[in-house]
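*Asks:* Below is one structure. I have some questions about it.
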Number of protein chains: 2
Amino acid sequence: MKTRIGILGYGNLGRGVECAIRQNEDMELAAVFTRRTPSSVSILTKSAAVCSVDDVADWKDKIDVMILCGGSATDLPHQTPEYVKYFNVIDSFDTHARIPEHFANVDAAAKANAHIGIISVGWDPGMFSLNRLYANAILPDGKDYTFWGKGVSQGHSDALRRIEDVKNAKQYTIPVNSALEAVRSGSNPELTTREKHTRECFVVLEEGADAAKIEQEIKNMPNYFADYDTTVHFISEEELLTNHSGIPHGGFVLRSGVTGWNKENKHLIEYSLKLDSNPEFTASVLVAYARAAHRLAQEGQSGCKTVFDIAPAYLSAKSGEELRASML
Amino acid sequence: MKTRIGILGYGNLGRGVECAIRQNEDMELAAVFTRRTPSSVSILTKSAAVCSVDDVADWKDKIDVMILCGGSATDLPHQTPEYVKYFNVIDSFDTHARIPEHFANVDAAAKANAHIGIISVGWDPGMFSLNRLYANAILPDGKDYTFWGKGVSQGHSDALRRIEDVKNAKQYTIPVNSALEAVRSGSNPELTTREKHTRECFVVLEEGADAAKIEQEIKNMPNYFADYDTTVHFISEEELLTNHSGIPHGGFVLRSGVTGWNKENKHLIEYSLKLDSNPEFTASVLVAYARAAHRLAQEGQSGCKTVFDIAPAYLSAKSGEELRASML
């Protein structure tokens, strides 16, 4: 019996989940739910249905885990507590500051309806968070560092596109190699925002735009660019589509710490990701945690969980015996 | 109420555990158990007792978790199933091939006595195993690579010291950088033993020894050196003590995989450790899992567990709420 998955929201992340399900033999896609007219949405999986999100409750007994692929700003804060009433759910809620509130909302609804809701699944929050936790538990006396990139920041690309006379744009966040090396050396540097990352912008202008003025506007944009060394390249739309249409990302989580009676020994724990497709990797993490959600629900557990609360073995299709023999 | 820890076996690992306990405010060392005459063993923690291993059963109600610091070859296979009768226990059993058998023995004894036994804790097996599991669950279509070093191999150093006319010796296992880079490039290379690691030996000879003959004996030693490119340096005892008395180690776990409907996107997950002291780092992992063992036992759980079976939150002194607010 395969785990029957539903996808709610069919953008980049939803399509990534569809692809990831295909790579896991114990999973199958039951249906995709959309706010658009279902007949206008074409999916890749021939055996799966495309349905209106309005009909989602009809699928209550036909889906084991619903993967919510909406955005963190406006979709997930109300979708996750709502849909956990009908399904075990997974989301990738990534507004770090609002996680405690989101957890409480999902937990109450999940417990009231005897479902599992796993929130904030992906790589940050997600795999990066796990690595911070493990590394802190092992080396209580130390310092954490997270670097992001090289990769496309959707939020910063959007900020560029909102500028008048900008036709299209893509922004890369790039970790500063010398800062990374300083951390790896064990010197525990104090690093400013500017010292950790640079920002590189590829911008397509409308005809007749004032490039010099727009470059200044970008470099001085508060929160987004002013605190960073930012480079702006003006390119043609054709070049943007040819060379910058991917959605790569990645990053580094490091913890540098000491052990010994007199703290005489240094240690470095480093975790890094290099991803050709940010949404497809996030989707792959979501699908692994969907397996865990189904198992936890089958055990009779309920409530809201995060990656911190789930034993690693639940993520694997292999049995405990197989895991011990092959991976330990 | 602090978690009361016992240490059984006071070598490098036991001393490392003693140091790690000092770094965790919610833990205290109750007693060290030794096969030597207790009065001959001097420990660092003034408040803790030194006892004969023969009296260990007297401590049944005075220790929450016993950390077994013996060796995998002859100590742990009988110690862990024996002491789990009296205590919750943690070990660092690292004979990969015999883990299934060890698990079964510990599980039976642990369940019969309502205790928790966590086996094969450390970094390999341990943190490296966890990273293999997570990476495999996320990227089911991919390839695993593990590199060890640069670090001291105790087993290979011992093999050198068993050679006639070798007075003392230290062996470093070194990952081949070009092999690591090939893996990072995503080319999924097939790598032979010789292509992945080199071995570097620092050897002190007895007076009048035949250096050329010993060098050949080392380089042709089956299992240990014959399959590797091995370098041998003959040095003075003084130089060995000055420059090679540390026990550093580390390594890399990588998984290179693909996602997408047509497997068009590549991803690389990399975890690495750079450790000044192999035993102190292993000890730090043991102490974090001792915290988990105590909590699991307090919840009424019993049986044998590995790092795969334990939710990450159990390792941290912080509450779920604190973890979500600070690390997710």
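*Asks:* Pull up region A:226-247, narrow it to residues that are in a loop (DSSP other than H, G, I, E, B) and under 29 Å from A:Gly186 (Cα atoms), then point me to the one that is least open to solvent (accessible area, probe 1.4 Å).
*Replies:* A:Tyr228
*Asks:* Please identify the pairs in which a residue from region A:129-143 that is facing chain B (nearest Cβ under 7 Å) has its Cβ atom under 9 Å from the Cβ atom of a residue that is of a type in the set (Asp, Glu), counting only partners at least 6 apart or on another chain.
*Replies:* If the second residue must be of a type in the set (Asp, Glu), the pairs left are A:Arg132/A:Asp144; A:Asn136/A:Asp144; A:Pro140/B:Glu25.
*Asks:* Determine, yes or no, whether A:Phe252 is over 30 Å from B:Phe252 (Cβ atoms), surrounded by 20 or more Cβ atoms within 10 Å (Cβ to Cβ), more than 8 Å from chain B (Cβ to nearest Cβ) and in contact (Cβ under 8 Å) with a residue 24 or more places away in the chain.
*Replies:* So A:Phe252 does not fit the description; no.
*Asks:* Would you please name the residue that is nearest to the other protein chains (Cβ to nearest Cβ), looking only at residues in region A:275-307 that are surrounded by fewer than 23 Cβ atoms within 10 Å (Cβ to Cβ) and within 19 Å of B:Phe308 (Cβ to Cβ)?
*Replies:* Going through the qualifying residues, I end up with A:Arg291.
*Asks:* May I ask you to say which residue of A:Ser187, A:Ser178 is of a type outside the set (Lys, Arg) and open to solvent by 80 Å² or more (accessible area, probe 1.4 Å)?
*Replies:* From the options A:Ser187, A:Ser178, the qualifying one is A:Ser178.
*Asks:* Is it the case that some residue within region A:257-274 is open to solvent by 40 Å² or more (accessible area, probe 1.4 Å), touching a residue at least 12 places away in the same chain (Cβ under 8 Å) and facing chain B (nearest Cβ under 8 Å)?
*Replies:* Scanning region A:257-274, I find at least one residue that is open to solvent by 40 Å² or more (accessible area, probe 1.4 Å), touching a residue at least 12 places away in the same chain (Cβ under 8 Å) and facing chain B (nearest Cβ under 8 Å), so the answer is yes.
*Asks:* Within the bounds of region A:78-85, is there any residue that is in contact with a helix residue (DSSP H, G or I) (Cβ under 9 Å, 6 or more places away or on another chain), touching a residue at least 24 places away in the same chain (Cβ under 8 Å), at positive phi and surrounded by 15 or more Cβ atoms within 10 Å (Cβ to Cβ)?
*Replies:* Looking through region A:78-85, none of the residues is in contact with a helix residue (DSSP H, G or I) (Cβ under 9 Å, 6 or more places away or on another chain), touching a residue at least 24 places away in the same chain (Cβ under 8 Å), at positive phi and surrounded by 15 or more Cβ atoms within 10 Å (Cβ to Cβ).
*Asks:* A further question follows. Taking only pairs six or more apart or across chains, which ones have beta-carbon atoms under 6 Å, a first residue in region B:174-189 that is closer than 21 Å to B:Glu200 by Cβ, and a second residue that is among the aliphatic types (A, V, I, L, M)?
*Replies:* Close Cβ pairs (under 6 Å, with a partner that is among the aliphatic types (A, V, I, L, M)) amount to B:Ala179/B:Leu191.
*Asks:* May I ask you to list the residues in region B:308-319 that are facing chain A (nearest Cβ under 7 Å) and either farther than 20 Å from B:Ile118 by Cβ or not small (Gly, Ala, Ser) (or both)?
*Replies:* Hits for region B:308-319 are B:Phe308, B:Asp309, B:Ile310, B:Pro312, B:Leu315.
*Asks:* To continue, here is another question. So is B:Ile90 buried (at least 19 other Cβ atoms within 10 Å of the Cβ), under 25 Å from the mean Cα position of the chain (by Cα) and closer than 19 Å to B:Pro100 by Cα or not?
*Replies:* Judged against the criteria, B:Ile90 is a match.
*Asks:* How many residues are small (Gly, Ala, Ser) and either under 20 Å from A:Met127 (Cβ atoms) or open to solvent by 70 Å² or more (accessible area, probe 1.4 Å) (or both) when one looks only at region A:93-111?
*Replies:* The qualifying residues number 1.
*Asks:* Tell me, please, whether a residue that is over 20 Å from B:Ser284 (Cα atoms), more than 14 Å from chain A (Cβ to nearest Cβ), open to solvent by 20 Å² or more (accessible area, probe 1.4 Å) and polar (S, T, N, Q) can be found in region B:51-65.
*Replies:* yes
*Asks:* May I pose another question? Hey, can you tell me all the residues within region B:9-29 that are away from chain A (no Cβ under 12 Å) and open to solvent by less than 10 Å² (accessible area, probe 1.4 Å)?
*Replies:* B:Gly14
A quick yes/no check of all residues on (1) of a type in the set (Ser, Thr, Tyr); (2) under 30 Å from B:Leu315 (Cβ atoms):
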position	(1), (2)
A:Ala137	no, yes
A:Pro140	no, yes
A:Ser153	yes, no
A:Ala159	no, no
A:Ala169	no, no
A:Asn177	no, no
A:Leu180	no, yes
A:Glu239	no, no
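The values are calculated or read from the model by the stated rules, or taken from the named source; none is laboratory data. None of these values were measured; they are calculated from a predicted model. Note: ideal-geometry Cβ built from the backbone for every residue, glycine included; neighbour counts use all protein chains shown. Ligands, DNA and RNA are excluded from the accessible area calculation, which covers all protein heavy atoms including side chains. Shrake-Rupley method; radii C 1.70, N 1.55, O 1.52, S 1.80 Å.
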